[in-house]
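Nothing in this text is a laboratory measurement; each read-out follows from the coordinates by a stated rule. What you see is a predicted model, and the numbers here were worked out from it, not measured in a lab. Because the Cβ atoms are built from the backbone with ideal geometry, glycine has one as well, and the counts that use them run over all protein chains shown.
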Amino acid sequence: MCMEKSATAKPIFIILEISIAHSERSFMRVFIIIVSILILLPCQTLVPQENDTTGNHVHLRIDRFNSPVRIDGRLDEACWKGLKSLPMKMIQPVYGADPGERTEVFAGYDNNYFYVAGRLYNRNPRDIQVTSFQRDNWAYATDFLGILLDSFNDNENGLMFLTSPAGTRTDINILNDFSKDPNISWNTFWDVAVTRSDSGWFAEMRIPFSSLRYEPKNGQVIMGLTVHRWFAKRNEVYSYPLTQQKFGYDGVYMPSETRKILLEGIPKHNPLYITPYVLMGLGQETRLNNEGTSYERTDNFVKGFGGDIKIGLAKNLTADFTIYPDFAQVEVDDQKVNLTRYSLFFPEKRIFFQERSGNFEFRFEGNDYLFYSRRIGIDNGEKVGIYGGARLVGRVGPWDVGLLNMQTEKHGNTPSENFNVLRFRRQVLNPYSYIGTMITSRIGSKDLWNTVYGLDGIFRLFGDDYFTFKWAQSFENGKPNNILDFRNSRIYSVWERRGRKGLGYNLSYSRSGEDFNPQSGFELIDNFTRIGDQVQFGWIPGERSRLLNHQIFLAGTAYYRNNDGKIETANFGPGWKFTTKQNSSGSVRLHRNTEDVAESFRLSPEAEIPAGRYTFYQVSLNFDPRLNDPYRAGVNIRTGGFYDGWHISTSITPMAFISEYLQLEGTYQYNFVEFSNRNEKFRNHIGKLKIDASLNVKHSVTVIAQYNSSGNSVFSNIRYHFNPTEGHDLYIVYDEGLNTNRYRETPVLPAMKNRAVLLKYSYTFRPG
């Protein structure tokens, strides 16, 4: 696993260490040849298609409605009475069994809408669980009726629509076949109505075709469809089609598991949405005066306007334009503590950049991305104004297309910058494989520019075996910029067997050259060679077991410095993880860590990590109780050696869904590091409280308060949201930052760092 390899470490890395010895130029030539062949091949299936229990090889014809449907949650129209319900089966806890409660789900369509309705019966109405009225509520403690549409029929991307007995709307953009975190901030236009009685609850959904993007052929549209019912009280999931057992509940969110449906005669829908906004408010901040003797407060009247335009172009392309975008309503970042030598990664939370983000994804291992949207409009944690920009996404022939251009304002010493991203992808060989390319550019002036291109491919070889390859090069001012030079290049490859049952593995290799610099992306470590291995074996025990699935694994990752070939950082060890039929989950793992610190760094003013080579052992444990329990608390613990000292990290995440009107969520994290031989200690406390309160589906308030002892700061954010209809939004936002230890510096720090009260109103016009 390192230059000083132990006997235990040798076997797990031996395969990939062989690849390091070979020329990377040869590796690239082979990839270019493979890609060229694949581009020339017709899109035919080389992998035998597996027949499932639903007969997924035959398209299901959805009934067309010839009479209007009133969305009121009653299902009393003639069109519903003439339909046969979709044959639902249980996924968990007893796979393949009939539903424990009578469940009737129907689907239909007309020229403008896709409809889903459900009669969701309960023998005991008290078993119905509802936790929130809020938009985009995705808590497993709530009953749900959900529909997944793979509108492009690509087995990779999908749109999930969920409603609860409270009539909430939750829409989710599914990416990469649910292999990465879905985009729950994505919103579109659709309607739902729900009624309740002593016999159960009843729902009607109406999804405009203008809210979907699809590819008609010869007057027909083929999509993927999955419908499911989540019965929280009993921890039961019913679905159509019956997704594969090895995926558990996740199967209902996977586009590759959908049933193919056939729609005919849908006219072209090219929507036009115009969403202007106005913003006003008052801001306050304190800054040290020019003499450095005291802090002075400044008041600022905040005002602004801007807006977005969304245009549906020919066939499957959508164009978005934004002018002076504002993100006042975006939830604040979570506080973190950094116990490493590397930068912290924060996820994107701004809706404009989250929408259709899957079209712009080019990911290496971990959180390393060729394009990281937080580079736009954020500089060292500070907000940077954006003049505007444009985005084009969709499909042209077999190619998925993404184009983004944004122009930022000047900020401090950083000039006004232009960001460009171009992304192409297409399926090859089979529905689970693709090739693609990406180009990014960041231009500040004629003497300040950075351009990166990348090529990537994922290939399903056989069964659950996949091979992934990615290649990228960066070019910028002041560098040699030789296209044949590997100093400005990055390579990533992985062979893996996916799945939760039986033997699985993940063998990966990555290399980043000393001059590779994706200024529009994110890279945790630079100038490295990485090898990573994981071998696991999983079981699905059966009906009598309390476990839904469990898995043992042996995993390791090592980063080598390219300049001297020595280990920079490495982690290796065995582990076990499990999921119960009551939706509890947990894991335990042993870690053998190796760290080679070239330059000392500080954890805090009181504690430092000296330069040197360290080997230490840790154990980590985590447990998440039943996701369907309205009152629960997850626990994470990691403890053991830490460089030349000792470390313990604990966190608890309690949640209380008191009623549909009130929900509480908290986080408390404690870190303690001690270096007894150097008489140094470091303590850190992070606390977060989130309160969600709702009067109904139109009015909601969210309160977030956070404390970080390292910064001696408290941050508060309060957001009121009025949403009478989709596209009609009023926000009132209050932000505040406070110093908790004012006397730690001279001059004495002010009690208030910053404060702002903002009002933002937006309305979406839909001409035609």
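Values computed for the structure shown
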quantity	calculated
Listed peptides 728-740, 744-756, 284-296 by packing density, highest first (mean Cβ within 10 Å)	728-740, 744-756, 284-296
Segment 400-448: C-alpha gyration tensor shape, a/c 1.5 cut-off, then a/b vs b/c	prolate
Average Cα contact separation per residue, the chain, under 8 Å, 6 or more apart, as relative contact order %	11
Between segment 180-207 and segment 230-290, the alpha-carbon center distance in angstrom	11
Net length gained if the chain between Phe345 and Leu60 were fully extended (0.36 nm per residue, minus Cα distance)	98.2 nm
Placed amide H near Ser433: partners under 5 Å, 5+ positions off or other chain	Val428, Arg460
For segment 751-759, Karplus couplings with θ = phi - 60° (6.51, -1.76, 1.60), whole Hz, Gly/Pro x	5, 9, 7, 7, 7, 8, 10, 10, 10
In sequence order, calculated HN-Hα J values of segment 385-398 (Karplus, 6.51, -1.76, 1.60; Hz; x Gly/Pro)	x, 10, 5, x, x, 9, 9, 10, 9, x, 9, 10, x, x
Gain on full stretching of the segment that runs from Asp127 to Arg678 - 0.36 nm per residue minus C-alpha separation	192.5 nm
The chain - charge dipole about Cα centre, Lys and Arg +1 at Cβ, Asp and Glu -1, debye rounded to 20	1000
Tensor-based shape of segment 541-696 (alpha-carbon gyration tensor, a/c under 1.5 rounded, otherwise prolate or oblate)	oblate
Long-range HN-HN contacts of Ile62 with modeled amide H, under 5 Å	Leu262
For Asn122, residues with placed amide H under 5 Å, excluding near neighbours	Gly200, Trp201
Answer label, with mean projected area of the Cα convex hull in nm² calculated from the coordinates and candidates [x] 34.1; [y] 44.9; [z] 49.4	[x]
Restraint check, Lys89/Lys246; Lys349/Lys753; Lys383/Lys753; Lys577/Lys690; Lys410/Lys446, Cα-Cα greater than 21 Å	Lys349/Lys753; Lys577/Lys690
Largest-first principal axis extents of the Cα set of segment 60-264 (Å)	49, 39, 32
Low-density loop positions, trypsin sites (Lys or Arg not before Pro), segment 99-169 - DSSP coil, at most 16 other Cβ in 10 Å	Arg102, Arg123
DSSP-loop chymotrypsin sites (Phe, Trp or Tyr not before Pro) across segment 339-424, with at most 14 other Cβ within 10 angstrom	Tyr342, Phe345
Of the GluC sites (Glu not before Pro) in segment 477-555, those whose Cβ has at most 16 other Cβ within 10 Å and which sit in DSSP loop	Glu514, Glu543
Theoretical ellipticity at 222 nm over the chain - DSSP helices of four or more residues, -39500 (n - 2.57) apiece, nearest 500	-1500 deg cm²/dmol
Relative contact order of segment 60-264, defined on C-alpha pairs under 8 angstrom at six or more residues apart (%)	27
Using θ = phi - 60° and Karplus 6.51 cos²θ - 1.76 cosθ + 1.60, couplings along segment 246-260 (whole Hz; Gly, Pro as x)	5, 8, x, 5, 4, x, 6, 9, 9, x, 5, 9, 6, 8, 6
Cα gyration tensor shape of segment 616-768, rounded if a/c is under 1.5, else prolate or oblate by comparing a/b with b/c	oblate
